[in-house]
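Please read the structure below before turning to the comments.
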Amino acid sequence: MKHTHYIRQSRLFCMYRNHVLDIGPYLVGRKSLELGPNKGFLFEKFYPQVPSYTLVEPNPHFEKFYVKLQRRHRNLHYKISGFENFQTDETFDTIVMMAVISHIPMEPSAMVDKIDGMLNPGGYLIVETNNSKRNLAVFDLCEQRYEKLVVKPSYSGLMRRLKIDYRDVLIYKKPA
């Protein structure tokens, strides 16, 4: 759905989703990594409230947005890379993957192993995706390793009735 692509990138829509998702408690005060952030607008309101926020995006066309965001938020870092090629010695308190699992060319077990290696004990994994067979395999592995805290629709009210998208957000916690 082409219209979904444009709607999902708008600042106004990002503000709406922030209100619906209530992700703040899992980001504020935590070192965070977001995979596939698009233009980086979705959680921008939280950038000043985290010690470090890292964006990893494979599309180099979004870099100009990250440079602008970085001027306003000195704690923001970015890397143009696919998750499968992303390397870091850092670990994170929160990892955010909004609508990206189906775009990562990795086997589900390798993907979850990589996430697990970067997520601190007691850390949060926030995942949004549709329920395709491949994505369900990732969820199954997450449920074996982590405590599922929250499952909620990405959209509510009018947006859900307009059938813009049928995604869910799942929030997991890694055991301490």
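Worth pointing out:
- Full extension of the chain segment joining GLU63 with ASN135 gains 23.2 nm, where the gain is 0.36 nm per residue of separation less the Cα-Cα distance.
- For PHE92, neighbours were defined as the other residues whose beta-carbon sits under 9 Å from its Cβ, and their charges (Lys and Arg +1, Asp and Glu -1) total 0.
- Ranked packing of 118-129, 73-84, most packed first, by mean Cβ within 10 Å: 118-129, 73-84
- Each peptide in 23-31, 35-43 was scored by the mean count of other Cβ atoms within 10 Å over its residues; highest first, the order is 35-43, 23-31.
- Bridgeable lysines around LYS64 (alpha carbons under 21 Å apart, same-chain partners fewer than 8 residues away excluded): LYS39, LYS45, LYS79.
- Under Karplus coefficients 6.51, -1.76 and 1.60, residue-wise ³J(HN,Hα) of segment 91-104 in Hz, glycine/proline x: 10, 10, 7, 9, 10, 10, 9, 8, 6, 10, 3, 5, 9, 8
- Sorted largest first, the principal axis extents computed over the alpha-carbon atoms of segment 74-142 equal 38, 27, 19 Å.
Where a number appears in this text, it was derived from the coordinates with a stated rule and is not lab data. Just so it is clear, the structure is predicted and the values come from calculations on it, not from any experiment. Note that we place each Cβ from the backbone using ideal geometry, even for glycine, and neighbour counts take in every protein chain shown.
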